[in-house]
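Please read the structure below before turning to the comments.
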Amino acid sequence: MSDVRRSLVEHWVRPEIRALSAYHVQPAAGLIKLDAMENPYTWPDGLRDEWVELLRRTDVNRYPDPSAQALSERLAEAMDVPSDMRLLLGNGSDELIQMIAMALAGPSRCVLSVDPGFVMYRMIATFCGMRYVGVPLSADDFSLDLPAVLQAMDEHQPAVVFLAYPNNPTGNLFHAADMVEIIRAAPGLVVVDEAYAPFTAASFMPSLGEFDNLVVMRTVSKMGLAGLRLGLLAGPADWLDEFDKVRLPYNINVLTQASAEFALRHKAVFDAQTAAIQVERGKLAQALAAFDGVQVFPSEANFLLVRTPPGQAGHWHRRLREQGVLIKNLDGAHPLLADCLRPTVGTPQENAALLAALAEVIVGG
Ligand SMILES: *Cc1c(COP(=O)(O)O)cnc(C)c1O
């Protein structure tokens, strides 16, 4: 870059943006991909044929339905959204986080969440010029440190609190009673992010309406439609009508609307897949815990948080990749995640490959 260009960039791009590193996705070509909480199962052939037929009849010369009416109704039904609640769709739930932050941003306003947590809360707060306050989770079991959260809310008066339920990257469910105390005490909005709803029975969806400051966020990504980019926010119209104003027109494209609406008509297929993933989660957790010195944390999601013996996480991650298995290395991401790895639960074959590779790493050094 020329010196002039560099100084222009440094003058005009906000310092907090220049200080960021872009969201990094590991190259995965040719590897067994257990790094991104994807559903490993594809669609049965019959379903795929029906879907392609539907796409054949879908026109892309017109803009999509701006309100995605048919899809919204299907989602409300599939996700048990209470009938008196509104729905707002996003291009992934990431876009919903961004819409909420844009609507609430302002000088001196802040976003509060817990750490280690979902990194997009912090990143999007920064994009929108908001301060981010991350309250550490309890060191022993990653539960909410309720007194610390209450104290931080009192001190910082966050415009919005994000709580992932179950939490990513730790996989655990916070105690519902702690969540309720936070919702009651929060000065502003509380977003319960239920990205992993397909893998747990717990939900705040039925609690919508009980609290004036609660909204619930879901996504179709983890149930098996990550490629479509579709998330939803459910909550009282008073909040959602305002967030809708910062939504870019036509944010849910024609192909996503048609495909997701189709897929949700066949939700039983995905329910069977996510049920199978939950069974595999239990087996994989047990098998991983059988390795000497490996600690597996309880998970209500489609991934496991695993602690290796001290100093081994980076080495194991690298050696697993050399053997064709890609997982996520969390060592260094947060002090509470020292020596931690996060494999996504795959198919029985993929999990067996992970376990075989790990045995190789541990025995072979
Ligand atoms: C994966 C994930 C999301 C993002 O979902 P998209 O709909 O794919 O953008 C949101 N929140 C949490 C906690 C996640 O783990």
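What follows is calculated from the coordinates using simple rules that are stated; it is not laboratory data. Note that the structure is a prediction, hence the values are computed from the model and not measured. Cβ: placed from backbone, ideal geometry, glycine included. Neighbour counts: every protein chain shown.
Here is how the numbers come out for the structure above:
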item: Protection proxy ranking of 244-255, 102-113 - average other beta-carbon atoms within 10 Å, highest first; result: 102-113, 244-255
item: For the chain, built as a Gaussian network whose Cα springs stay under 10 Å, the top-fluctuating residue of V60, V160, V191; result: V60
item: Peptides 214-227, 10-23 ordered by average Cβ neighbours within 10 Å, highest first; result: 214-227, 10-23
item: Viscosity 1.306 mPa s, temperature 10 °C, Stokes-Einstein D of the chain from Kirkwood C-alpha radius, µm²/s; result: 73 µm²/s
item: Approximate spin-label separation H175-V52, in nm, with each point projected 7 Å along Cα-to-Cβ; result: 5.4 nm
item: Per-selection Rg to Rh, segment 62-265 - Cα, Kirkwood hydrodynamic radius; result: 0.95
item: Lys pairs under 22 Å by Cα in the chain, provided they are eight or more residues apart or on distinct chains; result: 7
item: Within-10-Å neighbourhood charge of K267 [Cβ basis; K, R +1; D, E -1]; result: 0
item: Stretch gain in nm, segment Q26-R5, where the contour uses 0.36 nm per residue and the Cα spacing is subtracted; result: 4.6 nm
item: Surrounding net charge for S299, when Lys and Arg each add one and Asp and Glu each subtract one, Cβ distance under 14 Å; result: +3
item: Peptides ranked, highest mean first, by Cβ atoms within 10 Å: ranges 32-39, 50-57, 144-151; result: 32-39, 144-151, 50-57
